[in-house]
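Remarks on the structure that follows.
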Amino acid sequence: MITLAVEKREKNSAKAPVLRRAGKIPGVVYGAHHVSTPIAVAAGAFEKVFHEAGEATIVSLSGLGEPLSILIHEVDRDPLTGNPRHVDFYAVTKGQKVQVAVPLEYIGVSAAVEAGANLVKVLHELEIEADPMNLPHDIKVDISILAAIGNQIHAKDLELPSGVELKVEPEEVIALVQEVVEEKEEALAPADLSAIEVEKKGKEEEAGAVAGTGEVAPEEKKEEKK
């Protein structure tokens, strides 16, 4: 089992900003049968464990007396740096089921995709319920059954480990393949040269007529008014 060392925070202990500057993350441990306890954990150690365990793998927490089986329940990250600002740990009870979102791992080769179709991964994690000690680290999605355009994989098609219950609608679409639609460039209509020539010829004839009568052209009249 993955282990993580934490330390209990007392009421008069360092405030959250001070802890973060010291390379620690403030957090809390709570559960149905566990009194809410404020803790602090080394940032580097937490990131390593979180990368390995995610939010669907039991972690053994040390530093609070007897080892405590927990799930990393929620991680609040700084929107600018992405660094964890606070962590919630949920203390699980053996035999009491928990509901979590487990990552989906796509495996296999789709004949439709190999032929040029698009693979659309609709979901990247799946809500399930199980005994915390039997939680899978991830759930495999075999896309090899997607043999033709339009084929879909639904939640009911996934093979779940024994004791794991699906918590989404069975018909929920997990993945599908669709045809690649190419965008066609709109061809520009060629310029109507005949219309341009007619307009030009009309102007020339108008100018000739004015010159023959001795009248001032409209453009010249405008200049005189100025």
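Rule-based calculations on the coordinates, nothing more; no lab input. Note that the structure is a prediction, hence the values are computed from the model and not measured. Note: ideal-geometry Cβ built from the backbone for every residue, glycine included; neighbour counts use all protein chains shown.
Select from the stretch 1-107 those GluC sites (Glu not before Pro) which occupy a DSSP coil region and have at most 11 other Cβ atoms within 10 Å, ordered by residue number. Walk me through the numbers before you get to the answer.
Values: sites: Glu7, Glu10, Glu47, Glu52, Glu55, Glu74, Glu105; in loops: Glu10, Glu55.
When the GluC sites (Glu not before Pro) of the stretch 1-107 are filtered for loop state and at most 11 Cβ neighbours within 10 Å, Glu10 remain.
Using only the Cα atoms of the stretch 2-93, build the gyration tensor, take square roots of its eigenvalues as a ≥ b ≥ c, and label the shape rounded, prolate or oblate: rounded if a/c is under 1.5, else prolate if a/b is larger than b/c, else oblate.
Because a/c hits 1.5 or more and a/b fails to exceed b/c, the stretch 2-93 counts as oblate.
Ranked by the mean number of other Cβ atoms within 10 Å per residue, highest first, peptides 142-150, 114-122 order as 142-150, 114-122.
Residue-wise HN-Hα couplings along the stretch 15-21, as the Karplus relation 6.51 cos²θ - 1.76 cosθ + 1.60 with θ = phi - 60° gives them from phi, are 6, 3, x, 5, 4, 5, 5 Hz; Gly and Pro carry x.
Quick one: of Lys121/Lys167; Lys8/Lys94; Lys48/Lys156; Lys15/Lys97; Lys24/Lys121, which pairs are farther than 26 Å apart, Cα to Cα? Mind dumping the intermediate values first?
Working: Lys121/Lys167 19 Å; Lys8/Lys94 23 Å; Lys48/Lys156 33 Å; Lys15/Lys97 35 Å; Lys24/Lys121 36 Å.
Pairs exceeding 26 Å: Lys48/Lys156; Lys15/Lys97; Lys24/Lys121.
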